[in-house]
Amino acid sequence: MTEWTLDRPPADLRVLVSGYQSWSEAELRPLTDRPSVPLMPWRHQQGHDPAFLPSGEAGVWRSHTLIALIRPDGGGWVGCALDAAHTFTHWEARAEGDAVRVTCTPEGPPVEVAWKETPDVIGTVERLSAELGRRMNARTPAPLRVWCSWYAYYRQVTLDAVVDNARLARRLDLPFDVFQLDDGFHADLGDWLEPGAHFGGHARDLPGRLRDLGFTPGLWLAPFLASPTSRLFRDHPGWMLRGQDGRPLPVGHNWGGPYFALDTTRPEVLDWLRNLTATVRGWGYPYLKLDFLYGAALPGVRHDPGVGRAQAYRNALTALREGAGEDAFLLGCGAPLAASIGLVDAMRTGPDVAPLWDDESRRLWLGDASGPSARNAVHTSLSRWYQHAWYQPDPDVMIARRELSLLSRTERHTLLGLLDTVGGLRASSDPLALLDPEGLDLLRASLRVSRPDRPRTLTESFGGAVTHFTRGTFNLLDVPMASVPPHGYRERDA
Ligand code: 9PG
């Protein structure tokens, strides 16, 4: 552990933190605020790093890989790990009387860390983040424009529905590069190669249809997961990551029950993973959304106890990359962020968008802001603006429809502002037949690729996130702020 003491009253400072994986919160908060920690223990595994949870204590902020403390003049301190391939780096800033104690603790082999006092926190965050990206050979290809089936059909997706949307996109001349099939095509979690009963076809039959329409085929997988009912689990119960009790460790609870994760320190598991991405690549999917990747990095009992969590994760992601091929486009999701640099082309940098602004009961009463909502997605992806140096950031999809959505017009435009500000992957997930002319205009605008914007200040925020950018201002609060409506985004006058 390394430690620094800042002789500054904590009440003068703000802190910029980034949670462990895609869905964990990133925030810009007064240091004396209290970070929330989910009430439900199973959310610790699915939304955070269970080995380094948010503190839940006023004045104690934890961050992964990078942290910044900001003075009222915009200067301050920035800490950043300069490697994340073998080690998770845990930062903590703790208010102690009239001072602040900052600690940095590596989990894994020792790692080089930068710690700088600076007159310009924004610039220093960007420089150090770019340095980490360079050292890990970040892949930052040109942004792609993707239609994704999830937020249109969820698990009820069918092969015909995807083809119908692709046909309509062609007819409307919508500039998508990729059509990506999400969760819902497979027999069970882990049994990716067998079709699900309601999908109305086989995932291997889709690429030809999409190619004929001029789109690149994309497929979702959660390659590290196995449900207790799957053939994968039945055939290989010994492949699962285990708890201290020796039993397969439950690693999440959506899809109606607990599921397990693969122990990626087993060579035969790495072979299976390599084979999986090679097989779907062979079906004609060069674009893969690889989801729930945190599963390979959880604390647990592994076959080879000599391999740490970060390394077990990295080896597993490397196997997926080898199977898919150097030229495949890999989007990570639900993934440890910095540990994925150099292996993925794009990365989800926030929780899921949903066709509603806020899930207040879950966020406020259960202390969990890692769940799906437009507000959570905007809040976190904006506060990770600097991660475009690590991969192409994916702040999740635009929702342009009015039907099957509770978003207001203002909120839909805020999602557009998010995509424009982050400047990464463009994704959309509306059943295209639902869009009226205004919806189509909004969708087209959301597919316009932009350069990432930069914050214009970190000393002010409308809602606990980075909200003030050079091109515009977000207001995540429920009341108007300056001239920005609640939940709104307003471009700045030129
Ligand atoms: C498919 C979806 C979509 C989506 C992903 C991911 O914490 N949770 O319970 C939780 C469930 C689903 C989820 C994220 C978190 O969504 O982000 O885009 O692919 O899986 O199931």
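The values are calculated or read from the model by the stated rules, or taken from the named source; none is laboratory data. Since the structure is predicted, the reported quantities are computational estimates derived from the model, not experimental observations. Neighbour counts run over all protein chains shown; Cβ positions are idealised from the backbone, glycine included.
One table, with the values for the structure above:
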{"quantity": "Members of region 139-150 found to be under 11 Å from residue 346 (Cβ atoms) and in contact with a Leu (Cβ under 9 Å, 6 or more places away or on another chain), listed by number", "calculated": "139, 143, 144, 146"}
{"quantity": "Region 271-301 - residue that is over 24 Å from the mean Cα position of the chain (by Cα) and among the polar types (S, T, N, Q) and, of those, nearest to residue 144 (Cα to Cα)", "calculated": "279"}
{"quantity": "Search result, residues across region 117-148 that are polar (S, T, N, Q) and in a helix (DSSP H, G or I)", "calculated": "124, 129"}
{"quantity": "Matching residues in region 114-145 - criterion: being surrounded by fewer than 19 Cβ atoms within 10 Å (Cβ to Cβ) and touching an Asp or Glu at 6+ places or on another chain (Cβ under 9 Å)", "calculated": "114, 119, 135, 140, 141, 145"}
{"quantity": "Subset of region 452-480 (residues that are without any contact (Cβ under 8 Å) to a residue 40 or more places away in the chain, more than 24 Å from residue 392 (Cβ to Cβ) and surrounded by fewer than 20 Cβ atoms within 10 Å (Cβ to Cβ))", "calculated": "460, 462, 477, 478, 479, 480"}
{"quantity": "Which listed residue is farther than 28 Å from residue 113 by Cα and either crowded, with 23+ Cβ neighbours inside 10 Å or among the acidic types (Asp, Glu) (or both), from 350, 323", "calculated": "323"}
{"quantity": "Residue in region 380-388 that is among the polar types (S, T, N, Q), in contact with a helix residue (DSSP H, G or I) (Cβ under 7 Å, 6 or more places away or on another chain), assigned to a loop (DSSP other than H, G, I, E, B) and modelled with pLDDT of 95 or more present", "calculated": "no"}
{"quantity": "Residue 23 vs. criteria closer than 17 Å to residue 364 by Cα and among the aromatic types (Phe, Trp, Tyr)", "calculated": "yes"}
{"quantity": "Tally of residues being in a helix (DSSP H, G or I) and free of Cβ contacts under 8 Å to residues at least 60 places away in the same chain across region 425-444", "calculated": "6"}
{"quantity": "Selection from region 218-243 of residues that are within 16 Å of the ligand (Cβ to nearest atom) and more than 21 Å from residue 47 (Cβ to Cβ)", "calculated": "218, 219, 230"}
{"quantity": "Residues of region 143-199 that turn out to be more than 13 Å from the ligand (Cβ to nearest atom), among the aliphatic types (A, V, I, L, M) and in contact (Cβ under 8 Å) with a residue 60 or more places away in the chain, as a count", "calculated": "8"}
{"quantity": "Selection within region 302-342 - outside any helix (DSSP H, G or I) and within 15 Å of the chain's Cα centre (by Cα)", "calculated": "330, 331, 332, 333, 334, 335, 336, 337, 341"}
{"quantity": "Checklist (1) surrounded by 14 or more Cβ atoms within 10 Å (Cβ to Cβ); (2) away from the ligand (no atom under 15 Å from the Cβ); (3) at positive phi applied to residue 246, failing item", "calculated": "(1)"}
{"quantity": "Residue within region 217-235 that is at pLDDT 95 or above, surrounded by 14 or more Cβ atoms within 10 Å (Cβ to Cβ), more than 20 Å from the chain's Cα centre (by Cα) and of a type in the set (D, E, K, R) present", "calculated": "yes"}
{"quantity": "Only one of 397, 422, 378 that is within 13 Å of the ligand (Cβ to nearest atom), in contact (Cβ under 8 Å) with a residue 12 or more places away in the chain and of a type in the set (Val, Ile, Thr)", "calculated": "397"}
{"quantity": "Condition met for residue 80 (in contact (Cβ under 8 Å) with a residue 60 or more places away in the chain and within 14 Å of residue 2 (Cβ to Cβ))", "calculated": "no"}
{"quantity": "Answer residue from region 378-411, given it is polar (S, T, N, Q) and within 23 Å of residue 154 (Cα to Cα) and is surrounded by the fewest Cβ atoms within 10 Å (Cβ to Cβ) among those", "calculated": "408"}
{"quantity": "Some residue of region 393-401 being farther than 24 Å from residue 334 by Cβ and either more than 19 Å from the chain's Cα centre (by Cα) or part of a loop (DSSP other than H, G, I, E, B) (or both)", "calculated": "yes"}
{"quantity": "Unique residue being buried (at least 24 other Cβ atoms within 10 Å of the Cβ) and of a type in the set (A, V, I, L, M) when the list is 99, 93, 51", "calculated": "93"}
{"quantity": "Output for region 267-299, where each listed residue is part of a loop (DSSP other than H, G, I, E, B) and buried (at least 19 other Cβ atoms within 10 Å of the Cβ)", "calculated": "285, 291, 292, 298"}
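Each row is one residue, and each column tells you yes or no for (1) within 16 Å of the ligand (Cβ to nearest atom); (2) within 17 Å of residue 227 (Cα to Cα); (3) touching a Pro at 6+ places or on another chain (Cβ under 8 Å); (4) outside the structural domain of residue 239 (by TED's automatic domain parsing).
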residue: 257; (1), (2), (3), (4): yes, yes, yes, no
residue: 268; (1), (2), (3), (4): no, no, no, no
residue: 276; (1), (2), (3), (4): no, yes, yes, no
residue: 283; (1), (2), (3), (4): no, no, yes, no
residue: 300; (1), (2), (3), (4): no, no, no, no
residue: 304; (1), (2), (3), (4): no, no, no, no
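Results for (1) aliphatic (A, V, I, L, M); (2) touching a Phe, Trp or Tyr at 6+ places or on another chain (Cβ under 8 Å); (3) at pLDDT 95 or above; (4) outside the structural domain of residue 117 (by TED's automatic domain parsing), shown as yes or no for each residue.
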{"position": "30", "(1), (2), (3), (4)": "no, no, yes, no"}
{"position": "57", "(1), (2), (3), (4)": "no, no, yes, no"}
{"position": "67", "(1), (2), (3), (4)": "yes, yes, yes, no"}
{"position": "101", "(1), (2), (3), (4)": "no, yes, yes, no"}
